[in-house]
1. Please specify each residue of region 11-32 satisfying the condition of being outside any loop (DSSP other than H, G, I, E, B) and surrounded by fewer than 18 Cβ atoms within 10 Å (Cβ to Cβ).
2. Specify which of the listed residues (ILE78, ILE49) is at pLDDT 90 or above and touching a helix residue (DSSP H, G or I) at 6+ places or on another chain (Cβ under 8 Å).
3. Give the residue, chosen from TRP45, TRP69, that is in contact with a Ser or Thr (Cβ under 9 Å, 6 or more places away or on another chain), part of a helix (DSSP H, G or I) and open to solvent by 60 Å² or more (accessible area, probe 1.4 Å).
4. If we only count helices (runs of 4 or more DSSP H) wholly inside region 76-141, which ones have 3 or more residues that are of a type in the set (A, V, I, L, M) and either without any contact (Cβ under 8 Å) to a residue 24 or more places away in the chain or open to solvent by less than 80 Å² (accessible area, probe 1.4 Å) (or both)?
5. Answer with yes or no whether GLY71 is touching a strand residue (DSSP E or B) at 6+ places or on another chain (Cβ under 6 Å) and at pLDDT 85 or above.
Amino acid sequence: AGFFVQGLVWLYSLGAAYIAIRKRDIRRHAHWMLAMVAVTTGAVWFRVITGIAIALHLPFDPVYGLAAWIGWLTPLTIVLINLVMQNVNRPSRGLGDTIAKVTKSTGLDKVADRMAKAAGMEDCGCNKRVDTLNRVFPYKK
């Protein structure tokens, strides 16, 4: 399942990068290409993890399954955190602001807006969710 999802994420990233560059949104294109590179490096990390497991005589099957996910999720998470940190104009008040920054960096905010409009809604309710999450999970100063 890890490799299948990795492939889907890679294809989605490729498509999103292509759409962004066709719209001349170079910044968003660069973000998606970085995400795609991170997912691609999963193949290398998978081999490193399984190689270390073999050298340490760890049980192969569970390590193989775990490495199939960790190999690409870890680099992708690092890239997404980096993109969010670059996108910081003001400090996050709570979890809602952080999630909003991630969705903006990846373009998922626009996807949510389009889906809401296609469903006949005026907006996706994202701002209400941001406020609720900030209230429920505030960041302490």
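1. Across region 11-32, the qualifying residues are LEU11, TYR12, LEU14, GLY15, TYR18, ILE19, ILE21, ARG22, ILE26, ARG27, ALA30.
2. One residue alone meets the criteria, ILE49.
3. TRP45
4. 95-106, 108-118
5. Spelling it out, it is not the case that GLY71 is touching a strand residue (DSSP E or B) at 6+ places or on another chain (Cβ under 6 Å) and at pLDDT 85 or above.
The values are calculated or read from the model by the stated rules, or taken from the named source; none is laboratory data. Small disclaimer: the values here were computed from a predicted structure and weren't measured. A quick note on method: Cβ atoms are made from the backbone with ideal geometry, for glycine too, and the neighbour counts reach across all protein chains shown. Please note that ligands, DNA and RNA were not included when accessible areas were found on the heavy atoms of the full protein model with its side chains. Shrake-Rupley method; radii C 1.70, N 1.55, O 1.52, S 1.80 Å.
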